[in-house]
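Peer 1: Structure incoming, see below.
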């Protein structure tokens, strides 16, 4: 992946949870709406469910923001034989997702340091 | 077999259909497909409670998203609309201003009508079942009315306005107004107290001695809202009375507009408290107002018929001098409104102002419609581009709707601000009313709602024109750079012509109606008042109500003229026990207003005033025949009378009035003199037949509701305000001077009111004129733009500039001519119709209605302005270069 060609993510800041999960789902390749929903369900062990209208509303927003795009050949027949519209990450979306993962990683690192400190003090007592 | 879960999907589909067009196009199919899968794969396989939960989530999700999508679309439309309106600031400001003025004026006028006439009586319960008798009834007949329990569930009588003087030891005395009421008054009205206990039907006072009820506003103003006032004593008319209760906020009695009450005294109070109490049952009995609450199932018409018989009967029993009169004795009015009036008379009172504001609103809407149509011509390309780029009709309609709504909202907000400003300006006129009159124009949201929705409606109707066209037009035609005369374009141009014609007509009607009134007012506002207001001072005194004994009051007034004449600078002094209407301008305003509202009820009566020796000389009223009053007339209670010229001419046309006899209230009086007519500076107050009786010693002991007025003529440059006050203080420091006014100030104040009205009506007329001109200019400009090509060809073929100008002006000229003619006829007809309903209007307009200057001038002015408005854009047609006009094809 040519990382140096990545455009900087347009709107820095925290990605909304729904957006983040959809971008995660599309990181592995093109998916249609129902597959995205199932991917998110599986990834979160059933904790996050994107209901149909919310999902498509969010997809629309993500397309408007330029973070994802419709697959070039538009609607096509999915594995189950139904005509579906496929989506994939845009270059910009890829950048945003990477930035968000980095941000979360830093956050987690800082949180872990605190947790380790807390554990140590408990052991010392 | 029916598929399980089918109804959920059907419901889901129905909801999904309501998504915005773009969302539906992009995701509609996928959305339904996915919902179908979720239902099939998960919902139907779940346990019953979980199934219900999943369905709820599914439907909740689609509903929430539906609202969110529409809202986000609306925000986008709004942003676009703001951009479009900002791009055409001239159009935006002009149309928003038109709407604002139309909505603002309509709201103001309706609010004023509602708050002074239609509003339910404040502070009473179930106003709809309250009735009142139109004419005051002698108090001694009231018992017989009250006895009719089959008609009323309760009836009360009251005397209003009742002048009272509130004083406190060491403090300043103040004149306030009240009602003298039978004890059941509050019960009948269903009024509630703010503190204390109102009079009960038993008539027993709450404590020992006389007690009164105060209004909330008096309690607040005079007693600083003292929470311990109830049960305490105050000084009223120089006597100690207990405050039994304070009435609920807003309650000002049964007739707030014509006689707002701040103090209520029961008729059971000791006679010494007010001269009116003693007079209540003497002689024929003071006429009192009667209010009642209808018994269930009884109609006002039944009450009218029954009470008519009751009064006739009572008149026969008491051998009343008027027992043989034939006319109807009792007219029942609805009693629950601010101003009592028959429903059938309402159009008389509110017709004229409503017609005027309707015309203004109609013109404003017409103008905005016209501007929107003109704009739609300009926007054809923009719309065509958007259609070509794939915008659906629904999308376009939504966009245009948002624009129109935004425009209308701007107009409504402007109208709201304008109405508020106008109403608060109106309320500053309250001091021009007599103390007992109440005028408060309140903002009325219903009025704003109706006016604004009319404006919004017309905005929507015409704002959508471009979308309706876009759905029909050939995109290719619209995209051509000079998208000129299409067959549809012609139709819209015709519609615009109709709108302009309507505007010219409405404008002529508005201009003429307002001009008739304004010019009529200016004429009827007499320059010559008939007396001499300069260097004349009026002093209002009321020693009896100020707590002095009748004997002392009599002695005081006997000595007063002589003592005042001794003041250097005073040339003449006279007393009056009541003042002619024309000299008491606030009374005149009130009475004119009542005439205006009540139609012919109070016209045609004779005004009788009691004036002292030398009165006519002091006020400068010329004695035409015979003589004025002398000291002997006053001392001897002589039955002599002086009449004005109008009365002489009405009662004895062509005959010598001197020596004739007049019957007033059962007594015979001999005419000894004729004086000139007095006119009020207030335009609508007409000259009534008037008679003057000599002032009497008894009158000083029991003065009229205005107390006693002392007229003082002084030499020019005399500082009456300070010198006269000082002189009166020297004569008797215990007598309160309630008012001391320069007559010329009063006259100026009244004329100011007339000027304000002139400005308001004149402003309306001019506004209409302006609107019509703007509309015409727009139409002509558009016609020129539309015919650029045609004009180019004509000029290339050798047409002269003048021919071209004529060609363009002909169309607009025809519209102006037709509109003016129709408007002229409509205005004349309308004035006659309204004049037939409203006497005051007929009286005002009867000279101006046939004035050739107005009849030709007003339409002429409009036509000239309109042609100018056409000419300016039409001139552009003569500058068209034939070559470039043809090349642009």
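Just so you know, all these numbers are worked out from the coordinates, no wet-lab data involved. Remember, it's a predicted structure, so these values are computed and weren't measured experimentally. All Cβ positions, even for glycine, are placed from backbone atoms using ideal geometry, and neighbour counts span all protein chains on display.
Peer 1: Sort B:498-511, B:152-165, B:760-773 by packing, meaning the average of other beta carbons within 10 Å per residue, with the highest value first.
Peer 2: In descending order of packing, they fall as B:498-511, B:152-165, B:760-773.
Peer 1: Hey, another quick one. Peptide B:37-48: average number of partner chain Cβ atoms within 10 Å per residue?
Peer 2: Mean partner shielding for this stretch: 1.
Peer 1: Could you list B:613, B:378, B:174, B:551 so that the one with the fewest beta carbons within 10 Å of its beta carbon is first and the one with the most is last?
Peer 2: Least crowded to most crowded, the residues run B:551, B:378, B:174, B:613.
Peer 1: Using the Cα gyration tensor of the range B:643-767, with a ≥ b ≥ c the square roots of its eigenvalues, what is the shape: rounded (a/c below 1.5), prolate (a/b larger than b/c) or oblate (neither)?
Peer 2: Cα axes put the range B:643-767 in the oblate bin.
Peer 1: Once you place label points 7 Å from the Cα toward the Cβ at residue B:279 and residue B:652, how far apart are they in nm?
Peer 2: The answer from the label model is 2.9 nm.
Peer 1: Roughly what % of DSSP beta bridges within the protein assembly as shown run antiparallel, to the nearest 5?
Peer 2: The antiparallel fraction comes to roughly 80 percent.
Peer 1: Here is a further query. Between rounded, prolate and oblate, where does the protein assembly as shown land on the alpha carbon gyration tensor, with a ≥ b ≥ c its root eigenvalues, rounded for a/c under 1.5, else prolate if a/b exceeds b/c?
Peer 2: Judged from the Cα gyration tensor, the protein assembly as shown comes out prolate (a/c at least 1.5, a/b above b/c).
Peer 1: May I ask you to compute the full-extension gain from residue B:846 to residue B:327, defined as 0.36 nm times their residue separation minus their alpha-carbon distance, rounded to one decimal in nm?
Peer 2: Contour length minus Cα-Cα distance gives 183.9 nm.
Peer 1: For the range B:754-770, list residues with backbone N below 20 Å from a point placed 7 Å from the Cα of residue B:864 toward its Cβ?
Peer 2: B:762-770
Peer 1: Taking Cα atoms, how many degrees apart are the long axis of helix A:33-43 and the longest axis of chain A, rounded to 10 and kept between 0 and 90?
Peer 2: Long axis of A:33-43 versus the principal axis of chain A: about 20 degrees.
Peer 1: Averaged over B:54-63, how many beta carbons belonging to a partner chain fall within 10 Å of each residue's beta carbon?
Peer 2: Mean inter-chain Cβ contacts per residue within 10 Å come to 3.
Peer 1: Sticking with this structure for a sec: How big, in percent, is the set of alpha carbon pairs in chain B lying more than 40 Å apart?
Peer 2: Beyond 40 Å sits 55 percent of the P(r) for chain B.
Peer 1: Roughly what would the spin-label model give for residue B:63 and residue A:116, points 7 Å off Cα along C-beta, in nm?
Peer 2: The answer from the label model is 5.1 nm.
Peer 1: Pairs of Cα atoms under 8 Å, at least six residues apart: use those to get the relative contact order of chain A, whole percent.
Peer 2: 31 percent
Peer 1: List residues of the range B:24-41, by number, whose backbone nitrogen lies under 19 Å from a label position 7 Å along Cα→C-beta of residue A:61.
Peer 2: Residues B:24, B:26-28, B:31 qualify, since their backbone N sits under 19 Å from the label point.
Peer 1: Let me ask another. Which percent, to the nearest 5, of DSSP beta bridges fully inside chain B are antiparallel?
Peer 2: Percent antiparallel among DSSP bridges in chain B is about 75.
Peer 1: Rounded, prolate or oblate: which fits the range B:158-257 when a ≥ b ≥ c are the square roots of the eigenvalues of the alpha-carbon gyration tensor, with rounded for a/c under 1.5 and prolate only if a/b beats b/c?
Peer 2: rounded
Peer 1: Could I ask something else about it? Can you give the helix-only mean residue ellipticity at 222 nm for chain B, where every DSSP H stretch with n ≥ 4 adds -39500 (n - 2.57) and the sum goes over all residues, rounded to the nearest 500 deg cm²/dmol?
Peer 2: -18000 deg cm²/dmol
Peer 1: Nearest 5 percent is fine: what portion of the DSSP beta bridges confined to the range B:134-266 is antiparallel?
Peer 2: Just about 70 percent of them are antiparallel.
Peer 1: Still on this structure, please answer the following. Sorting B:615, B:74, B:531, B:223 on the 10 Å Cβ count, fewest up front, what's the list?
Peer 2: Least to most surrounded, the residues fall as B:74, B:223, B:531, B:615.
Peer 1: A further question follows. Give the average, rounded to an integer, of partner chain Cβ atoms located within 10 angstrom of each Cβ in A:29-39.
Peer 2: Counting other chains' Cβ atoms within 10 Å and averaging over A:29-39 gives 2.
Peer 1: To continue, here is another question. In which sequence would B:402, B:514 go, from the one with the fewest C-beta neighbours within 10 Å to the one with the most?
Peer 2: B:402, B:514
Peer 1: Can you pull the one-decimal nm distance between simple spin-label points at residue B:698 and residue B:667, each 7 Å off the Cα toward Cβ?
Peer 2: 0.6 nm
Peer 1: Based on the Cβ-Cβ distance of residue B:879 and residue B:79, what FRET efficiency does E = 1/(1 + (r/R0)^6) give at R0 = 35 Å, to the nearest 0.05?
Peer 2: E(calc), rounded to 0.05, equals 0.35.
Peer 1: Using only Cα atoms, find the angle between the long axis of helix B:743-786 and the longest principal axis of chain B, and express it within 0 to 90 degrees, rounded to the nearest 10.
Peer 2: 10 degrees
Peer 1: Can you tell me the 0 to 90 degree angle between the C-alpha axis of helix B:48-87 and the longest principal axis of chain B, rounded to 10?
Peer 2: Value to nearest ten degrees: 80.
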